[in-house]
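K.L.:
One structure coming up, written as structure tokens, with questions to follow.
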Amino acid sequence: MAVGTVSKGNVMVGSLRKRHNLLLTSIFMGLIALPSVGLVTITNAARADKIGTNAPLQNTPDVDSSELTPAYPAAPPPPRVDPLPDERTIQERSLETDYRVNNLLGDFTGNLWVGSWRGLSRIDPNTGRILSRVSLPNLAIGALAQDKVGRLWVGTYEGLKRVDPRTSEITAQNLFLPSKRVLSLLVDNRGYLWTGTDNGLVLISPDQGLIMTTLKNLPGVSANAMTLDAEGQLWVGTLDGLVRVNTASALIMKRINQLPGSNVQTLAISPEGLIWAGMPNSLLVINPKTGVVLRSVTPLRGRNVTAVRFAQDGSVWVGTHDGLLRLNPHTGAVLDEVAGLPSSRVLALAPDIGNKLWIGTSEGLGWLMPTRGSAKPHLAFSRAVE
């Protein structure tokens with residue numbers, strides 16, 4: 001019986017071994033998959049046992065910080081930001097449009113040409129009415145001049161163009177200048193057109209619009225402003241002082257450098273034949289024959305002078321980056337300081353046209369009657385009216 005029992009036990013053991021071997025073989029061959037949930041449960045149970053028995057915990061796996069919910073500290077709301085929504089449209093429009101008027105020219109018929117960064121217009125100075133507009137491919141105008149037969153020359157930042165004032169059409173253009181950026185224009189006593197660029201000076205025949213000669217080695221490089229002296233010779237204001245040029249030969253006759261501020265921005269000749277030169281920090285009066293600086297006008301010391309023009313009554317108008325003054329040219333005393341300008345930054349002046357002083361500023365066109373102490377804006381060239 002015992003032997004039989006052992007035999008049965010052996011049979012049972014042998015049967016269990018066969019089943020165990022069969023299970024292992026099936027696992028290795030991929031026939032049976034182990035349940036992963038069960039393994040996790042066992043693992044968690046094991047950890048639970050360890051927590052209950054105060055056993056040391058295993059290290060927590062690293063967690064990506066981007067998976068965490070951000071927390072913000074308590075803070076007051078942001079401050080009020082200008083402009084408010086109802087003001088934003090006005091500001092955005094002002095950023096897109098440049099209203100500066102940096103060129104004014106009275107023509108032979110008594111009308112006023114207004115060169116701005118929005119184009120070229122001709123107005124009746126008596127009424128302010130716009131008579132015509134000239135369509136230009138480039139709106140940035142750097143200079144204006146009228147030749148002996150009445151044709152209008154327009155210097156832009158993309159070259160030089162000739163306009164017929166009767167039709168307001170472009171009749172010629174010259175793009176082969178030392179630089180396409182034209183800064184100044186002047187017609188000499190012979191009727192030839194001098195064109196100042198930021199890379200030299202050019203003499204042009206107004207009939208054909210062709211270049212006659214070029215002065216590229218101009219001291220100071222950039223021809224910012226020009227005027228004629230009593231002898232009909234050309235004075236050029238540059239980045240490095242003044243240069244006198246013979247209009248017949250286009251040769252340099254004299255150079256005046258080491259001026260305070262160096263950069264000559266505007267020029268005018270007084271009735272006595274003296275040169276008035278506007279600088280970034282002063283207004284100088286210079287004797288053209290000797291080249292000597294006679295004086296620095298006291299009220300303009302330290303001020304950025306951008307425009308100088310003499311009126312028929314003998315006074316001198318001076319535009320700066322912070323206002324407009326009328327001076328006694330003999331004493332330098334301030335006679336008037338004009339209020340009511342579209343902007344305190346004055347760029348161009350045209351006195352005695354339509355019995356008014358016309359003022360180009362960085363924010364549009366203004367005008368002043370001789371009997372008034374305050375200027376008025378021309379609404380067609382203002383931000384207030386499109």
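The values are calculated or read from the model by the stated rules, or taken from the named source; none is laboratory data. These numbers were taken from a predicted model, which means no experiment stands behind them. As a convention, Cβ positions derive from the backbone with ideal geometry for all residues, glycine included, and neighbour counts pool all protein chains shown. Protein only, heavy atoms only, side chains kept; ligands, DNA and RNA dropped before computing areas. Shrake-Rupley method; radii C 1.70, N 1.55, O 1.52, S 1.80 Å.
K.L.:
When you go through Arg100, Arg88, Arg118, Arg93 one by one, which is the residue that is modelled with pLDDT under 90 and either hydrophobic (A, V, I, L, M, F, W, C) or touching a Phe, Trp or Tyr at 6+ places or on another chain (Cβ under 9 Å) (or both)?
P.N.:
Answer to the check: Arg118.
K.L.:
Before we move on, is Val182 closer than 19 Å to Thr266 by Cα and free of Cβ contacts under 8 Å to residues at least 24 places away in the same chain?
P.N.:
Here the answer is no, as Val182 does not meet what is asked.
K.L.:
Taking only the range 331-351 into account, find how many residues are among the polar types (S, T, N, Q) and open to solvent by less than 30 Å² (accessible area, probe 1.4 Å).
P.N.:
Number of matching residues: 1.
K.L.:
I need the full set of residues from the range 148-163 which are part of a strand (DSSP E or B) and touching a residue at least 24 places away in the same chain (Cβ under 8 Å), in order please.
P.N.:
Answer for the range 148-163, where residues must be part of a strand (DSSP E or B) and touching a residue at least 24 places away in the same chain (Cβ under 8 Å): Leu152, Trp153, Val154, Gly155, Thr156, Leu160, Lys161, Arg162, Val163.
K.L.:
Quick one: which of Leu327, Leu335 is more than 29 Å from Arg118 (Cβ to Cβ), touching a Lys or Arg at 6+ places or on another chain (Cβ under 8 Å) and not β-branched (Val, Ile, Thr)?
P.N.:
Going through Leu327, Leu335 in turn, just one is more than 29 Å from Arg118 (Cβ to Cβ), touching a Lys or Arg at 6+ places or on another chain (Cβ under 8 Å) and not β-branched (Val, Ile, Thr): Leu335.
K.L.:
Give the residues of the range 203-230 that are closer than 24 Å to Leu347 by Cα and not in a loop (DSSP other than H, G, I, E, B), sorted by residue number.
P.N.:
Scanning the range 203-230 gives Ala225, Met226, Thr227, Leu228.
K.L.:
Continuing with this model, one more query. Please work out if Pro271 is touching a residue at least 24 places away in the same chain (Cβ under 8 Å) and either within 20 Å of Asp188 (Cα to Cα) or touching a Lys or Arg at 6+ places or on another chain (Cβ under 8 Å) (or both).
P.N.:
yes
K.L.:
Mind checking which residues of the range 185-207 are among the polar types (S, T, N, Q) and in contact (Cβ under 8 Å) with a residue 24 or more places away in the chain?
P.N.:
Asn189, Thr195, Thr197
K.L.:
Against the conditions (1) surrounded by 15 or more Cβ atoms within 10 Å (Cβ to Cβ); (2) closer than 17 Å to Asn328 by Cα, where does Pro271 fall short? Just the number, please.
P.N.:
Exception for Pro271: condition (1).
K.L.:
Which of the residues belonging to the range 253-268 are outside any strand (DSSP E or B) and open to solvent by less than 20 Å² (accessible area, probe 1.4 Å)?
P.N.:
Result: Leu259, Val264.
K.L.:
Name the residue, out of Glu169, Glu158, that is of a type outside the set (Val, Ile, Thr), under 26 Å from Val346 (Cα atoms) and out of contact with any strand residue (DSSP E or B) (no Cβ under 6 Å at 6 or more places or on another chain).
P.N.:
When all the criteria are applied, what remains is Glu158.
K.L.:
As an exercise: evaluate Val297 against (1) within 23 Å of Leu183 (Cβ to Cβ); (2) in contact with a Ser or Thr (Cβ under 8 Å, 6 or more places away or on another chain) and give the number of the one condition it does not meet.
P.N.:
Only one criterion in (1) within 23 Å of Leu183 (Cβ to Cβ); (2) in contact with a Ser or Thr (Cβ under 8 Å, 6 or more places away or on another chain) is unmet by Val297, namely (1).
K.L.:
Those residues that are part of a strand (DSSP E or B) and surrounded by fewer than 18 Cβ atoms within 10 Å (Cβ to Cβ), I need them from the range 113-139; list them, please.
P.N.:
Scanning the range 113-139 gives Gly119, Ile130, Leu131, Ser132, Arg133.
K.L.:
Can you name the residue in the range 180-192 that is of a type outside the set (D, E, K, R) and closer than 18 Å to Ala250 by Cα and, of all such residues, is most open to solvent (accessible area, probe 1.4 Å)?
P.N.:
Among them, the one singled out is Asn189.
K.L.:
One residue is enough: does the range 215-223 have a residue meeting the conditions touching a Lys or Arg at 6+ places or on another chain (Cβ under 6 Å), of a type in the set (Lys, Arg) and at pLDDT below 95?
P.N.:
no
K.L.:
On to the next question. Looking only at residues that are touching a residue at least 40 places away in the same chain (Cβ under 8 Å) and hydrophobic (A, V, I, L, M, F, W, C) in the range 94-112, which one is most open to solvent (accessible area, probe 1.4 Å)?
P.N.:
It comes out as Phe108.
Conditions (1) within 16 Å of Trp194 (Cβ to Cβ); (2) touching a residue at least 60 places away in the same chain (Cβ under 8 Å); (3) surrounded by 22 or more Cβ atoms within 10 Å (Cβ to Cβ); (4) not aliphatic (A, V, I, L, M), marked per residue:
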{"site": "Leu218", "(1), (2), (3), (4)": "yes, no, yes, no"}
{"site": "Thr238", "(1), (2), (3), (4)": "yes, no, yes, yes"}
{"site": "Lys289", "(1), (2), (3), (4)": "no, no, no, yes"}
{"site": "Pro299", "(1), (2), (3), (4)": "no, no, no, yes"}
{"site": "Asp313", "(1), (2), (3), (4)": "no, no, no, yes"}
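K.L.:
Of the numbered conditions (1) in contact (Cβ under 8 Å) with a residue 24 or more places away in the chain; (2) within 24 Å of Gly119 (Cβ to Cβ); (3) assigned to a strand (DSSP E or B), Thr171 satisfies every one except a single condition; which is it?
P.N.:
Going through the list (1) in contact (Cβ under 8 Å) with a residue 24 or more places away in the chain; (2) within 24 Å of Gly119 (Cβ to Cβ); (3) assigned to a strand (DSSP E or B), Thr171 breaks only (1).
K.L.:
Please work out if Pro370 is assigned to a loop (DSSP other than H, G, I, E, B) and open to solvent by less than 50 Å² (accessible area, probe 1.4 Å).
P.N.:
No, not satisfied.
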